[in-house]
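Working notes, beginning with the structure itself.
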Protein chains: 2
Amino acid sequence: MSVLQENDPYVKDMKQVETAALFRQILRIMEELRQGVKKPYKEVIDVTSGDPQKTGMKPLSFVRQILAACLYPQLINDNKLPVDVRQRAQRLLGECPGGSVGSYSATRGVPDIVQRVSEYISRRDGGAWSNPENIFISPGSQWSLANIFQILVNTEASTRTGILTPVPGYNTSILSIKEQGAVPVPYYLDEEQGWELHMEELHRALASAKGVCNPVALYIVNPGNPSGQVQSRQSIQEVIQFAFEKRLFILADEVYQDTVYGEKSEFVSYKRVLAEMGPPFSDTVELASFHSASKGMLGECGLRCGYVELVNLDPAVMKYIYTQFSKDSCAPVLGQIALDVMANPPQPGDPSYPLYIEETQHIRTTLVHNVNRAFTVFNSLPGLTCQPGEGGAFLFPRLDLPPRAIQKAKEAGLGPDTFYCVNLLEDAGVFARPGAEYGQKEGTHHIRICIMTPPDIMEELLRRVTSFHTQLMKDFS
Amino acid sequence: MSVLQENDPYVKDMKQVETAALFRQILRIMEELRQGVKKPYKEVIDVTSGDPQKTGMKPLSFVRQILAACLYPQLINDNKLPVDVRQRAQRLLGECPGGSVGSYSATRGVPDIVQRVSEYISRRDGGAWSNPENIFISPGSQWSLANIFQILVNTEASTRTGILTPVPGYNTSILSIKEQGAVPVPYYLDEEQGWELHMEELHRALASAKGVCNPVALYIVNPGNPSGQVQSRQSIQEVIQFAFEKRLFILADEVYQDTVYGEKSEFVSYKRVLAEMGPPFSDTVELASFHSASKGMLGECGLRCGYVELVNLDPAVMKYIYTQFSKDSCAPVLGQIALDVMANPPQPGDPSYPLYIEETQHIRTTLVHNVNRAFTVFNSLPGLTCQPGEGGAFLFPRLDLPPRAIQKAKEAGLGPDTFYCVNLLEDAGVFARPGAEYGQKEGTHHIRICIMTPPDIMEELLRRVTSFHTQLMKDFS
């Protein structure tokens, strides 16, 4: 007796077989390593996700001290912690219901924190107006994105809702679009031009949707994931102009905004460019901009918190947004506090300032070092090419494998990139994800690698990839 | 379809407009108080949610010390914290990816924590078997419940999926059922019998679904929310027998399992009773049991974490459960650690044991005091009757208002219970929720009050309710 059976039509298939196989493989290898099975490596280097602390990057002391003091307020009276930490913790607790991080906050977030996030956005954007009423703190940017998809997607229309999505693009978001019953309409980033976004490609993609679906939104990831590209102000302006003309809602995933390291790159927010373009753009183009405590300098993935700012939404739609964002309880309060610290880091003269600067500089130096080293090494290997990383947590090098390797993959029932990742993991203990998960131009194959690791781990990773890749090219040449 | 809809206590009573009005009112009053507007009270007592720390209950030191040490590991070397706290924090960090609470964990939870939660369940249930593979840690029990609804509900079938739900029942869950496109099939708890669940009522409810929907599951809240009732082992046995015969999936919301204070009451889990009933029940009846770090003794709502244990699910369905529970990232890691502490409190001989016992005893004494005092006071007022609270965080006293009060409510476009809550908030500064939000028998009206407050707050609340209620009865007599 079982209420649910495998062949029940309502049990939904969501996951790719190949990805599942890769995850079973990593679990097996981890278990084998635990049991002392001999392998050419003692530990797996896992660069599958943008999770800096997993690979040994250190959290920011200022964030952790404040969180610890909020959790255990006796620390506020303990002069081991810097006085600005203790004052900040005291103030934050005063803003939490019941003076505790153990209470539910308002579902949109602690109002004082929402207010300060709004002020932070305004400062970031050269004074552009930001309204706290349009900011929603949530358990993460992907959570917010899924909720907004749910509102954008009309499941009852005879024509399905389309959402323009980058290729390559962030796989979780694309899955989320599909789950809502919408159609991702792919637009291709130009790999040869450092993964640039071209306007003619957006036009082509939009035209391709004709007769298939009704595109209502344009999903952008900037800095790019997995591309590592950073959009110029000019490019953003053109995209906004396009969205204005075609009446598309812009979904701007900007979670890597504080990790831009390309020499000529600069992060400019969609919100800022929109504000600076003035009417009719600034008061009509609908925009959702996402940010997170998990990514970039903070890297506090385990805290589970992010926010979205909404611009130019119809008040009637905002009512649905309020409802949609209220159906769950609040985001974790400690995550909200981390967001507050992100929005308000220590200032010159504060006791915590010197250490904060030292730690953030160290992270920045590490990322620049890693991305340059990886770029150099990948491009030095035959059959591997890599575009420069300008920002974000990833590189997306391209594999040009010998035909015999591709044939071998086919025999194993795998795509060439998955075949590569499976063997890279098995033989070299490097866990990377295949490009197929992110979308790639027909006939091209990639792997995604997170570059947020301590430099010695990056060096070890590059050694392993070099050795594995060289051997593979030899074996199949 | 008409029979059920006419009698649907949720469709009829859950007027979102009224709830929204109440929330606007509380925001206005809070703002007025902030601005120094004179009112008969200086602060609002908010007893709308089971959020103990919001009303001033203290968190458990052991939990907070461990969390603080995990966040800021320098504290592990600081001998100000008890040695068992420091050891535990050290061990927990060793179990987190990268040794940090800032990394993502496995989506189902840190494996070692899942394992210990499983062992805890087994101890709780007198040694009944528990498999860690069937346990999923999530951002909260409501999150898990919504995900399981999503798998149970067949949106493509010509007959809609039905879920038997208690009246009164927890409103968030009922909303969640409706959001998934399912039909809540109400079964009424017997108020006069202390909100007991009667088998004939379950049979009646199931029969009422005929021709309306296809009931696949039975949702139970034990200890009851908002009823405060605790089911006997005998009653649970009967429910399991019923579920077996009717092939219903049991969804057991057991988040208040550690707060049972009725003199003759005892919490027995559905899992335990199921195991003890033996075959054919123990190996066929499908069960999901939910627990949370937000409720009961821990009361850490702000951390956002809970777990569900699944029993007897078809392996093919479990595959979809894995997928469903993997589509988001992990639960907040600090919440997972709080769950671990819940599952493994200090033991006799541990340095933290005496304080832990003192604090938990204090909470227990407070709850028993509050529930008894509230019971006595409510029942002493004409037009108010209250069933004894046996467990959980709430009482659900019944209002018998004079006809003129009911008329007045009607003129204001409000249900009598919402009218009562609006005035109780405005005049007495007590924020309670109307029974309509939870479902109630036609013609009856209630309010829900959380009893998890410090005793002095409870006394002040009872003074305010007494004074307000007496005046209201006089004004409308």
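Listed values, structure above:
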| read-out | value |
| --- | --- |
| Volume in Å³ per residue [convex hull over Cα atoms, computed for region A:99-150] | 101 Å³ |
| At 0.890 mPa s and 25 °C, Stokes diffusion of region A:65-176 via Kirkwood alpha-carbon radius, µm² per second | 142 µm²/s |
| Partner aspartates and glutamates for B:Lys410 [C-alpha distance under 13 Å; skip if fewer than 8 residues away on the same chain] | B:Glu18 |
| The protein assembly as shown: antiparallel DSSP beta bridges as a percent of all, rounded to 5 | 50 percent |
| Point-charge dipole on Cβ atoms (K/R +1, D/E -1) for the protein assembly as shown, about Cα centre, debye to 20 | 500 debye |
| Estimated 222 nm signal from helices in chain A, with DSSP H stretches of n ≥ 4 weighted -39500 (n - 2.57), rounded to 500 | -13500 deg cm²/dmol |
| Antiparallel content of DSSP bridges confined to chain B, in %, to 5 | 50 percent |
| Residues with amide H under 5 Å from that of A:Glu196, placed H, sequence gap 5 or more | A:Asp190 |
| Within region A:191-268, trypsin sites (Lys or Arg not before Pro) in DSSP loop having at most 14 other beta-carbon neighbours inside 10 Å | A:Lys210, A:Arg247, A:Lys264 |
| Segments B:172-185, A:374-387 sorted - mean Cβ within 10 Å per residue, highest first | B:172-185, A:374-387 |
| Inter-chain Cβ neighbour average for residues A:100-111, partner chain, 10 Å | 6 |
| Net charge dipole size for region B:104-343 [Lys, Arg +1 and Asp, Glu -1 on Cβ; Debye, nearest 20] | 520 debye |
| Using alpha carbons only: equivalent-ellipsoid semi-axes of region B:329-477, gyration tensor based, whole Å | 37, 18, 12 |
| Amide H partners (placed H, <5 Å) of B:Gly140, local residues excluded | B:Gly306 |
| Alpha carbon Rg of the protein assembly as shown, scaled by the compact-globule rule 2.2 N^0.38 Å | 0.95 |
| In Hz, Karplus ³J(HN,Hα) per residue of region B:284-297 (6.51, -1.76, 1.60; θ = phi - 60°; x = Gly, Pro) | 10, 5, 7, 9, 10, 10, 10, 9, 8, 7, 7, 9, x, 4 |
| Selection from B:Gly169, B:Ser235, B:Val311 lying farthest towards where the dipole of region B:104-343 points positive, charges on Cβ | B:Val311 |
| Shielding by partners, peptide B:87-99 (average Cβ within 10 angstrom, other chains) | 2 |
| Computed label-point distance, nm, for sites A:Leu355 and B:Lys38 using a 7 Å Cα→Cβ extension | 5.0 nm |
| Reduced Cα scattering model of region A:256-322, Debye log10 I(q)/I(0), q = 0.13, 0.25 Å⁻¹ | -0.51, -1.06 |
| Leading residue at positive end of dipole, the protein assembly as shown (Cβ point charges), from A:Ala128, A:Ser100, A:Gly349 | A:Gly349 |
| Whole-number percent relative contact order across chain A, with pairs defined as alpha carbons under 8 Å at least 6 apart | 20 percent |
| Overall dimensions of region A:174-301 by Cα: Rg and Dmax, Å | 14.8, 44 |
| Global size of chain B as Cα Rg and Dmax, reported in angstrom | 22.8, 68 |
| ³J(HN,Hα), Karplus 6.51/-1.76/1.60, whole Hz, each residue of region A:256-264, x for Gly, Pro | 9, 5, 9, 10, 10, 9, x, 4, 9 |
| Entries of A:Lys178/A:Lys441; B:Lys178/B:Lys327; A:Lys246/A:Lys327; A:Lys210/A:Lys327 with Cα pairs more than 23 Å apart | A:Lys246/A:Lys327; A:Lys210/A:Lys327 |
| Under Karplus coefficients 6.51, -1.76 and 1.60, residue-wise ³J(HN,Hα) of region A:60-74 in Hz, glycine/proline x | 6, 4, 4, 4, 5, 5, 5, 4, 4, 5, 5, 6, 10, x, 4 |
| Distribution of pairwise C-alpha distances over region A:95-343, 10 Å bins, in % | 7, 32, 38, 19, 4, 0 |
| Out-of-range pairs (alpha-carbon distance over 19 Å; input A:Lys58/A:Lys295; A:Lys39/B:Lys319; A:Lys408/B:Lys319; A:Lys80/B:Lys80; A:Lys408/A:Lys474; A:Lys54/A:Lys295) | A:Lys39/B:Lys319; A:Lys408/B:Lys319 |
| Longest to shortest principal axis, alpha-carbon extents of region A:104-226, angstrom | 46, 39, 23 |
| Amide hydrogen neighbours beyond the local backbone of B:Gly389, cut-off 5 Å, H modeled | none |
| Label distances, nm, B:Asn77 versus same residue in remaining copies, Cβ-directed 7 Å point | 2.6 |
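Every number here is computed from the coordinates shown, using simple stated rules; none is lab data. Remember, predicted model here, so these are calculated numbers, not experimental data. All Cβ positions, glycine included, derive from the backbone under ideal geometry; neighbour counts span all protein chains shown.
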